[in-house]
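The structure appears below as structure tokens.
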Amino acid sequence: MKLTKKEWLDFNNDESDSDAWINCYIDDVAMSVDGTEIEEESEEFQNLPLSAEITVSGYIINCYTGETVRSLDAQLKRWRKAQKYITFVVDIDRDKAEALKAAIVAAGGKIIP
């Protein structure tokens, strides 16, 4: 699933959906940036801007049985639906960027560097 680095960090630090995580953990996580595998602990990942788009996959595993509970994609979709705010990446012509930024701020949004 594609998401921003900020979303990934928010997902990993969110304890509000604890019912979904009782006796579970994430396993077999694969992460890439522009098709190149990357480790979350790497300096390369740490230096990515919060707005960087990453792709992750993996599974949610039951601690007791070792069985797959759901895919990481399914868990991320579930988590996204529960969020009050959304984060997305936009491609736009450079000459229109300031107008878009102004519209986002006027609507109460925040630009993430």
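Give me the percent relative contact order of the stretch 1-64, please, defined on Cα pairs under 8 angstrom at least 6 residues apart.
52 percent
Could you point to the residue in Gly108, Ile60, Phe88 farthest towards the positive end of the chain's charge dipole, with +1 and -1 charges on the Cβ of Lys/Arg and Asp/Glu respectively?
Result: Gly108.
In square nanometres, what is the average projected area of the Cα convex hull of the chain?
8.2 nm²
What residues qualify as long-range amide H neighbours of Arg70, i.e. H under 5 Å apart, gap of 5 or more or another chain, H built at 1.01 Å from N?
Amide H to amide H, under 5 Å and 5 or more residues apart or across chains, Arg70 pairs with Ile60.
Restricting to Cα pairs below 8 Å that are 6+ residues apart, what does the relative contact order work out to for the chain? Please round to a whole percent.
The normalised contact order for the chain reaches 29 percent.
In debye, nearest 20: dipole of the chain around its Cα centre with unit charges on the Cβ of K, R (+) and D, E (-)?
Roughly 740 debye for the chain.
Values quoted throughout were computed directly from the atomic coordinates according to the rules given, and no laboratory measurement underlies them. Owing to the predicted nature of the structure, the values given are computational and were not obtained by experimental measurement. All Cβ positions, glycine included, derive from the backbone under ideal geometry; neighbour counts span all protein chains shown.
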